[in-house]
1. Every other copy gets compared here: list the nm distances from the A:GLU112 label point (7 Å along Cα to Cβ) to its counterparts, shortest first, one decimal.
2. Where does the charge balance sit around A:GLY248 when Lys and Arg score +1, Asp and Glu -1, over other residues with C-beta under 10 Å from its C-beta?
3. Rounded to whole Å and ordered largest first, report the semi-axes of the equivalent ellipsoid of the range A:100-176 derived from its Cα gyration tensor (root of 5λ).
4. Between A:LYS328 and the same site in the other copies, what are the distances in nm, shortest first, taking label points 7 Å from Cα along the C-beta direction?
5. Take the alpha-carbon centre of the range A:71-144, take the same for the range B:270-304, and report the distance between them in whole Å.
6. For the protein assembly as shown, give the percent of accessible area contributed by carbon and sulfur heavy atoms, probe 1.4 Å, rounded to a whole number.
7. How many percent of all Cα-Cα pairs in the range B:217-325 sit more than 16 Å apart?
8. Rounded to two decimals, what is Rg over Rh for the range B:57-159 when you use alpha-carbon atoms and the Kirkwood radius?
Amino acid sequence: MSHSIAQIAAALGLEAVGDTSILVSGVNEPALARADQLALAMKPDFAAQIPQGSARAGMLWQGADWRSFGLRAAILASRPRHALSGLSAMMDSGQGYHRGIHDLTVIDPGAELGKAVSVGPFTVIGAGAHVGAGSVIGPQCHVGQGAVIGPGALLHAGVRIGARVTIGAGFIAQPGAVIGGDGFSYVTPEPSGVEKVRETLGRESDPDAQAWARIHSLGGVTIGDDVEIGVNACIDRGTVRDTVIGTGTKIDNLVQVGHNVVVGRNCLLCGQVGIAGSTRLGDNVVLGGQTGVVDNITVGDGVITGAGTMLMANVPAGRAMLGYPATKMDANVESYKAVRRLPRMMREFAELKKAVSKLVEGR
Amino acid sequence: MSHSIAQIAAALGLEAVGDTSILVSGVNEPALARADQLALAMKPDFAAQIPQGSARAGMLWQGADWRSFGLRAAILASRPRHALSGLSAMMDSGQGYHRGIHDLTVIDPGAELGKAVSVGPFTVIGAGAHVGAGSVIGPQCHVGQGAVIGPGALLHAGVRIGARVTIGAGFIAQPGAVIGGDGFSYVTPEPSGVEKVRETLGRESDPDAQAWARIHSLGGVTIGDDVEIGVNACIDRGTVRDTVIGTGTKIDNLVQVGHNVVVGRNCLLCGQVGIAGSTRLGDNVVLGGQTGVVDNITVGDGVITGAGTMLMANVPAGRAMLGYPATKMDANVESYKAVRRLPRMMREFAELKKAVSKLVEGR
Amino acid sequence: MSHSIAQIAAALGLEAVGDTSILVSGVNEPALARADQLALAMKPDFAAQIPQGSARAGMLWQGADWRSFGLRAAILASRPRHALSGLSAMMDSGQGYHRGIHDLTVIDPGAELGKAVSVGPFTVIGAGAHVGAGSVIGPQCHVGQGAVIGPGALLHAGVRIGARVTIGAGFIAQPGAVIGGDGFSYVTPEPSGVEKVRETLGRESDPDAQAWARIHSLGGVTIGDDVEIGVNACIDRGTVRDTVIGTGTKIDNLVQVGHNVVVGRNCLLCGQVGIAGSTRLGDNVVLGGQTGVVDNITVGDGVITGAGTMLMANVPAGRAMLGYPATKMDANVESYKAVRRLPRMMREFAELKKAVSKLVEGR
């Protein structure tokens, strides 16, 4: 499918310059772009590579001297990275999932599908489930009994939505994502070694054998609008109330969100983040890859963590955190620099002790 | 389904007081409980919220003044959290998986299914597999050839059990769990860079290209009774002998257990834990979320780790560990406090050196 | 299936000694080996256990005095661990996946399957996909439209290959692996808190609510020959160009490779490794379990990391790295030893300050 430069610019609300009738059928990096592709050159460094490719048109920054790179047309964006969002949506050719309801599906007669819903082969939809209008349920998915999915959802291959999960509009789930697995919640007849360690900070552990009794997860999961869940990520159901994911939040691959957790609005949880049970995240929280958050703490609005950070205590709003255990980002960097110099300092300390000792003796 | 307070208390072996004929059809938090729900108020803090809801009956701690919260009936438990285990099992309405053998399944004629086994749509069961009586195999599962699953199993949607895996009674696997993937085991024709680094602690690496030859995993996985495996978690098969998971052990979401690993009885492995090949865990080991355990070490009975701990060497029984690399929990906390004070101490150290230097000169 | 000792040795290009007509049908550890199994005794420690089992033949190291362990035949290998590669391939009885094209599949008429391709039940293959000769596509897999898989592939149960993914010869994917999920890439209309934190190192965070706009992933994934991907691991597609995995690279369970990443040849990425977007790894890189690599950095050829390492900056070729944040392995070990001694040193420092203070006063 081809679009003219004028059409693209109009759709994105941007300025088009030059021969805006030029047609493009895709986008590419400047050096690799063919004549029918739009070169993406968001920064001067990239634009310099345009002549290595064959692009006739490009997307550049506001004020770029686009003719100087040999282009015949350009789309100029004041924030090109943001413009890429709309552009990439226009150019996405999708996964080609089956349109309509495939014959080889098992859809309970008590399930309700909205208008223009597609269901791919080998998908199962349980009793009492609702799927909102215009949703595409890919192949090999499972939507449990009583689950509610809002309009415009896209479930990629092999997504599992458990019973009694409630999801808003515009939901996207990548392959293998699981919403509504059971929480990891067990209890021993008598206080366990873990409970004692929490009280004594490790001065007492208890190797006595006690079997774990299962606490069933009676709650569900409630997910707001415009949420995306990554490949093989998992959001567990709550014990009594629902686990909650706020509107606009995006969750990356292999992330684990435990039972009873509340994640606020417009958060980003990057790859392999883990959030333990009953913790609460505010709005606009951004957790770097492999960040861990222990159970039963509160993380304020706008908190940001570096990769691999471990949050072990409540964090006030607006704070940038780093490290294991987490401290304020600038303090953490200072500490780690000090740790690197520590071996040398220890040698100097030993010398200083000797020098002082001599002085004391010589007094 | 409704139960009277008397019925619930009898089933759980607990004391019921007040109008024990009151019927409830579910449980809820005190402030949210409706008149037909049992308020869960395990602690005084929670009980204080009962009047905000409409509950007529609640579960409280032994000795609670339940009438003072406006309740007409109560179940009193000496360890309420443990009582929640039985209560939640009674109240769990489940996933509603298909009962009986669904038509759209592929079950090898050589597979043996016990009495009252259910198999959901789009599930595949291989030649020579045995599934114990009363098991529920959910939709879209795969049970490999020669796999043995004990009675009373519950395999959620999309679980994969590989060939020659042996599992005891009462097994539960959450969606997407994989038992019996191949171990990650490769070898180079000549000693590789990794082998040299292990010997020299990093003073020699080897960027020479050597291709990796695959070592096939000929062993299986043996799992005891009452084991639960979390969402998208994976237990690899052994190289020659089986990987082993002991009776009563519970494994959370996205956990990785490598080839040849032996996990003891009644262990808890929390979310995103990783255990590398050939390591042995004793009984009652509890590994906090994102804990890593390197290959070929031994972790004693009753060892407990904090979140994000990395065990890099053998750990004696009963020890509480924390940190990267792991040390005893209390020592680790002391070290980290010291690290936070280190930048200031280094400035003081620089001053002290000057002061001593002056003294030396002034002598 | 039985093989004689002579046959096995010939297939592996190794020396056979003794009664090489003895037949074996499997391998085992020395103490457990039955009379029809080959005892694996790569080291003297293991060989000493041969008499505890019933093996008549074993695989030992070059120069071993095999008769002294009671064996009647032996295969001698100069690098026995490498010999295990070929031996284990001979002895692997596999998963028993369906051979031929199963009836209960959905294969688009526009897909091209090479000679002798097998496709298991409940698998979906999209329009324009190519599957190379001799490949075995297991049950419940999904191969997206336009995906290309080279000859000799083995896709285990539930593998998902997205649209426009290109894979070379000899590919192996463990159950639940996902190639070609969408990249995790979002942008705010105005610079976000994360962008400010990157510039200011955490002195400014921004709790203002801004919704995230999605950047669609238009690129694919290109995978070389002889690549293996672990259970539930995921390789995301690129934004504009392809994410790339080089020939001979092996990726373990639950590994995350982000969008636009380039992984070189013959790398090993161990369990739960995470690589953030647009980072480049050279050839022969070995990342230990749970290693993290931040986005947009370059890791040189032959770099090796210890378990749990976090690479936060470019790493030159050939370096062995450890720690959070990563430093050279030997320096890191020295630093951590110093940290353990730090609390004691701080007490000594306080004493030294007092001593110097007295000296200054006494002057």
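The values are calculated or read from the model by the stated rules, or taken from the named source; none is laboratory data. All figures in this text were calculated on a predicted structure; none of them were measured in a lab. Glycine gets a Cβ as well: all are built from the backbone with ideal geometry, and neighbour counts include every protein chain shown. Accessible surface is based on the protein model in full, side chains and every heavy atom, while ligands, DNA and RNA are left aside. Shrake-Rupley method; radii C 1.70, N 1.55, O 1.52, S 1.80 Å.
1. A:GLU112 label point versus its equivalents elsewhere: 4.8, 4.8 nm.
2. Working: positive: A:LYS250, A:ARG265; negative: A:ASP225, A:ASP226, A:GLU228, A:ASP283.
After counting each charged neighbour, the total is -2.
3. Numbers: eigenvalues 40, 37, 30 Å².
Semi-axes from the Cα gyration tensor: 14, 14, 12 Å.
4. 3.4, 3.4
5. 41 Å
6. Working: 20180 of 39310 Å².
Exposed carbon and sulfur together represent 51 percent of the surface.
7. Working: 2995 of 5886 pairs.
Of the Cα pairs, 51 percent sit more than 16 Å apart.
8. 1.27
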